[in-house]
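Read-outs throughout are calculated quantities, based only on the coordinates presented, and are distinct from any laboratory measurement. All values reported here derive from a predicted model rather than from experimental measurement. Methodologically, a virtual Cβ is constructed for each residue, glycine included, from the backbone with ideal geometry; neighbour enumeration extends over all protein chains shown.
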Amino acid sequence: MRTSHRQLISSGSPYEPAIGFSRAVRVADRVVVAGTAPTWPDGSVDPDVERQADRCLEIMLAALRKAGASPDDVIRTRTYLVDAADWEAAGRAHGRIFRDIRPAATMIVVKGLLDERWKVEMEAEAIVGSGHEATPDEAGGADPARVA
């Protein structure tokens with residue numbers, strides 16, 4: 001017997017019906033946002049990796065809003081890069097949104113993405129209502145060694 005409603009969120013990507021996926025799925029208070037590419041509605045892709053990361057985040061945040069979540073509810077992000085040298089540019093975009101929220105975050109270098117124009121793809125997970133409560137230092141969880 002099903003006890004939780006499954007809410008499917010679309011972003012209008014042409015890949016959603018072709019592949020059979022949703023931009024995001026919400027079940028109870030959990031929202032999972034699929035890998036999000038930096039494509040504009042007209043199919044164009046900015047060649048600048050930081051702008052690409054900004055676009056991924058814009059699409060992800062819109063999906064989170066449709067699911068009733070906010071950036072403060074994000075607990076995990078993943079950033080896929082085709083070139084490790086792009087980590088700082090993608091990180092700046094990520095930091096503009098999540099600098100104070102500080103979700104668990106991973107950057108992964110991959111051989112390639114679905115479209116050769118894409119330099120970055122991002123995904124996120126959120127728990128609705130979890131919000132941002134304390135920094136690691138405030139919660140006593142800071143690592144003095146500050147290792148990656």
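Some points to look at:
- Protection proxy ranking of 79-89, 55-65, 104-114, 22-32 - average other beta-carbon atoms within 10 Å, highest first: 55-65, 22-32, 79-89, 104-114
- Whole-number percent relative contact order across the chain, with pairs defined as alpha carbons under 8 Å at least 6 apart: 28 percent
- Most to least packed among 66-75, 4-13 [average Cβ atoms within 10 Å]: 66-75, 4-13
- Globularity index of the chain is 1.08 (Cα radius of gyration / 2.2 N^0.38 Å, N = number of residues).
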